[in-house]
Amino acid sequence: MLRTHTCGELKKKDVGKKVTLCGWVDTIREHGKINFIDLRDRYGKTQIVFKGEHGLRNEFVVSVSGEVKNRKPGTENRELGTGEVEVFADKIEIINEAKVPPIKINENEIAGDDIRMKYRFLDLRRPEMQRNLAFRAKVAQAAREYFIENDFIEIETPLLVKPTPEGARDYIVPSRVNEGKFYALPQSPQLYKQILMIAGFDKYFQFARCLRDEDLRADRQPEHTQMDLEMSFVEQKDILGFVEGLYKHIFKKILGIQLSAFSILTHEEAKKKYGTDKPDLRKDKGDAGEFAFCWVVDFPLFSYNKDEKKWEPEHHIFTSPKKEHIKYLEKEPGKVLGDLFDLVLNGTELGSGSIRINNPELQEKVMKVIGMKKEEARRKFGFLLDAYEYGGPVHGGMGLGFDRLVALMLGFNDIREVIAFPKNKAAQNPMDGSPSEVEPIQLKETHIEIVKKNSKPKNSKK
């Protein structure tokens, strides 16, 4: 290792030790012939003291070797973890020089969104951003602990999948070796986790990457992470109980907060009392230190599209209707309530879930309500329908927004504050320039022709 300690590690117990630190020059202060540098890494800062010329500037990457000493009485920095000591350097080596950064890293002043996205590698050096991402990692670790303690198995599902409608546009990927055919990037692992239940993995989870080509807002990105879970041989109350326990574990371990029992409202109650199916139940609406979770249950299974004059699934077509409402499916679908549920925190939807249909005949009836014929269902979902013919257990699960959770725990509305490399509002990444054009040879190999607006393909007829 090039260093013996990190920049947030040294304490009074280390006085007298010879150490080597590596990091970025955070600030430089000159007092006569004596120079003071705050050296920074993701663990913290350490004050370095040395004499003579140095030629250093902010954000230079350096290695410092020297002796740890007590700071003089009255000069301690109580706000700094290493504030009782300093390192008297006898050697400073410049590892890499740096241009003057366009972002102020060591000050509280935050740059505008555009420049933060463009220079994200500098924005991520800011202590606040490093704390956010470290916090995110701890939340993920706590969640994994709870899943594993409860006998869940972590299984990864594919990122190149069959295009299927799930409520938003798919991102599609051309296949070079299968001319004219495309993969889709998954909007969620929905079909695959149901197949895992049929395969006998009764408790599944993963931190799933979900990709949706949809309009952006503060709590939405083209790609996001969700804590995805599915359970076999369960009822709605079992899933609600497990998920409530998951969040209580996370909040207790990470924030030291003991959450109270989650409220439960029917969809009808929420709409009548709060005018929304995402109610904010906090006593003091002023998004700091108060966390009001609630379940919203008994959603309608279908919603009516007046423009297209047809019924559509409220959640997705694999959601089971409540048993007592199956009788309404054919003639009065508007009366059918689904065995589905949303989790809401402070007025923000954290996730949706349901008990799934595991009976092929019932699945066919639901598809019929939305006008999906057998041929279309077989074309889009044939692999799932085939699997059900070999015995599928009663099962259900949820997709829980992880970015949203971390943002709300830290008091943010914008999930970009807890994502390392997010997209801007135009679904672009100014740092790496994506999306971008590709080389002509790549288009040729994947059998794609770019057609500009108001023009026709080369092989089209006039």
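Computed from the coordinates by the stated procedures, all read-outs in this text should not be read as laboratory data. The shown structure was predicted, so the numbers you read here are calculated from the model rather than taken from an experiment. Because the Cβ atoms are built from the backbone with ideal geometry, glycine has one as well, and the counts that use them run over all protein chains shown.
Quick one: what does P(r) look like for segment 340-462 with 5 Å bins over all Cα pairs, in whole %?
Here the calculated profile for segment 340-462 is 2, 8, 10, 9, 10, 9, 12, 16, 15, 7, 1, 0.
Out of residues 5 or more away from L265 or on other chains, whose amide H comes under 5 Å of its own, with H placed 1.01 Å from N in the peptide plane?
W295, V296, V297
Within 12 Å, Cβ to Cβ, of D123, how many net charges do the neighbouring residues add up to if Lys/Arg are +1 and Asp/Glu are -1?
Net local charge, D123 excluded: +3.
Between beta-carbons, use under 15 Å as the cut-off and find the net charge around V85, counting Lys and Arg +1, Asp and Glu -1.
+2
For a label point 7 Å from the Cα of I155 along Cα→C-beta, name the residues of segment 177-194 whose backbone N is under 17 Å from it.
Of the residues in segment 177-194, 188-194 have backbone N under 17 Å from the label point off I155.
How big is the charge dipole of the chain about its Cα centre, in debye rounded to the nearest 20, if each Lys and Arg gets +1 on its Cβ and each Asp and Glu gets -1 on its Cβ?
820 debye
Which shape class, rounded, prolate or oblate, goes with segment 141-210 when its Cα gyration tensor gives a ≥ b ≥ c as root eigenvalues, a/c under 1.5 marks rounded, and past that a/b bigger than b/c marks prolate?
Cα axes put segment 141-210 in the prolate bin.
Obtain the nm distance between the two label points defined at V438 and E324 by a simple spin-label model: each point lies 7 Å from its Cα along the Cα-to-C-beta direction.
With each label placed 7 Å out from Cα toward Cβ, I get 5.4 nm.
Using the C-alpha atoms of the chain, what convex hull volume per residue, in cubic angstrom, is computed? Spell out each step's value before the answer.
Details: hull volume 101.5 nm³, N = 462.
Cα-based convex hull of the chain, divided per residue, equals 220 Å³.
Below 8 Å between Cα atoms, with a sequence gap of 6+, how large is the relative contact order for segment 12-96 in percent?
Numbers: 184 pairs, mean separation 28.0, N = 85.
Relative contact order of segment 12-96: 33 percent.
Residues with beta-carbon under 11 Å from that of R404, excluding R404: net charge, scoring Lys, Arg +1 and Asp, Glu -1?
-3
When the distances between all Cα atoms of segment 95-170 are binned every 10 Å from zero, what whole-number percent does each bin get?
14, 25, 23, 26, 12, 0
Provide Rg and Dmax in Å for segment 146-256, with only Cα atoms included in the calculation.
16.4, 55
Taking Rh as the Kirkwood radius, which is the inverse of the mean 1/r over Cα pairs, what is the Rg/Rh value for segment 12-96? All intermediate terms of the calculation are to be shown ahead of the outcome.
Values: Rg = 11.9 Å, Rh = 12.8 Å.
Result for segment 12-96 is an Rg/Rh of 0.92.
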